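These notes are about the structure you will find just below.
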Amino acid sequence: MTVRPILPIGHPVLRTRTTPVPRSDISSPRIQGLIDDLIDTMRHANGAGIAANQIGETARILTIEVNDNPRYPYKPPVPLTVAVNPEIEVLDDERVVINEGCLSVPLRGELVRSLNLRVSYTDREGVDRQQVVRGLTAGTWQHECDHLDGILVVDRIDPRTLSTWEQFTEHHQEAFVERITRFVREVGS
Ligand code: ZN
């Protein structure tokens, strides 16, 4: 297991659509090692999730984990999830405005995300899984699946809301956390 460098915006691999992993390759040392590296790198950077192309790999794999995250203290917990070949299905028209950051982008800002999703993926043992995810957790899934399609948050953020992390903390965090905490309590995820 290795903490790998996280590629910053501008690197072409972040704009590359990743390739599905053949089922027979999931158990291979290459893919299992890549999954271990994704988990290590995500945890080391305090990310809520990470996509393989953020560490320069074009396999369609993401990991998500939220547990008292210092970057995103308002996010509800999510157990460690490894998703190979994830796909998301938007379940309805409910939307929410989220202020998002990204390990590959030095700015953050507001964008609209769908509230209710069904996610389908294969886990690292090769078992097909489906689950319904809501709220900020649904936002995290959309963020990481966007990466796997070569899309970055800056493509979706309202440019007038772009902010450095420092300026966000100073001027916007309190109102956002107040609103989103109330929201998390209402949707429960
Ligand atoms: Zn990101």
Exercise for the section: Select, from 101, 126, 139, 135, the only residue that is modelled with pLDDT under 95 and small (Gly, Ala, Ser). Expected result: 135
Handout entry: Criterion: more than 13 Å from the chain's Cα centre (by Cα) and either under 22 Å from residue 187 (Cβ atoms) or modelled with pLDDT of 95 or more (or both) - qualifying residue of 86, 106
Key = 106
Practice task
Please work out which residue is farthest from residue 15 (Cα to Cα), limiting yourself to segment 147-177 and to residues that are within 16 Å of the ligand (Cβ to nearest atom) and assigned to a helix (DSSP H, G or I).
Solution key: 168
Exercise for the section: Mind counting the residues in segment 77-117 that are in a strand (DSSP E or B) and either of a type in the set (A, V, I, L, M, F, W, C) or loosely packed, with under 14 Cβ neighbours inside 10 Å (or both)? Expected result: 20
Practice task
Determine the pairs where a residue that is on the phi > 0 side of the Ramachandran plot, located within segment 143-156, has a partner that is more than 7 Å from the ligand (Cβ to nearest atom) with Cβ atoms under 6 Å apart, the partner being 6 or more residues away or on another chain.
Solution key: 150/15; 150/16; 150/17
Problem - Any chance residue 63 is within 14 Å of the ligand (Cβ to nearest atom) and farther than 24 Å from residue 163 by Cα - result: yes
Completion exercise
residue 64 passes all but one of the listed conditions (1) assigned to a helix (DSSP H, G or I); (2) in contact with a strand residue (DSSP E or B) (Cβ under 7 Å, 6 or more places away or on another chain); the exception is number (1)
Exercise for the section: Considering only residues that are of a type in the set (A, V, I, L, M) and in contact with a strand residue (DSSP E or B) (Cβ under 6 Å, 6 or more places away or on another chain), look in segment 1-25 and name the one that is most open to solvent (accessible area, probe 1.4 Å). Expected result: 9
Handout entry: Residue in segment 118-146 that is farthest from the ligand (Cβ to nearest atom), counting only those that are in a strand (DSSP E or B) and surrounded by 17 or more Cβ atoms within 10 Å (Cβ to Cβ)
Key = 122
Practice task
Please verify whether segment 133-155 includes one or more residues that are touching a strand residue (DSSP E or B) at 6+ places or on another chain (Cβ under 7 Å) and acidic (Asp, Glu).
Solution key: yes
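The values are calculated or read from the model by the stated rules, or taken from the named source; none is laboratory data. This one's a predicted model, so the numbers in the text were calculated from it and none came from an experiment. Because the Cβ atoms are built from the backbone with ideal geometry, glycine has one as well, and the counts that use them run over all protein chains shown. Side chains included, ligands, DNA and RNA excluded: accessible areas come from the protein's heavy atoms. Shrake-Rupley method; radii C 1.70, N 1.55, O 1.52, S 1.80 Å.
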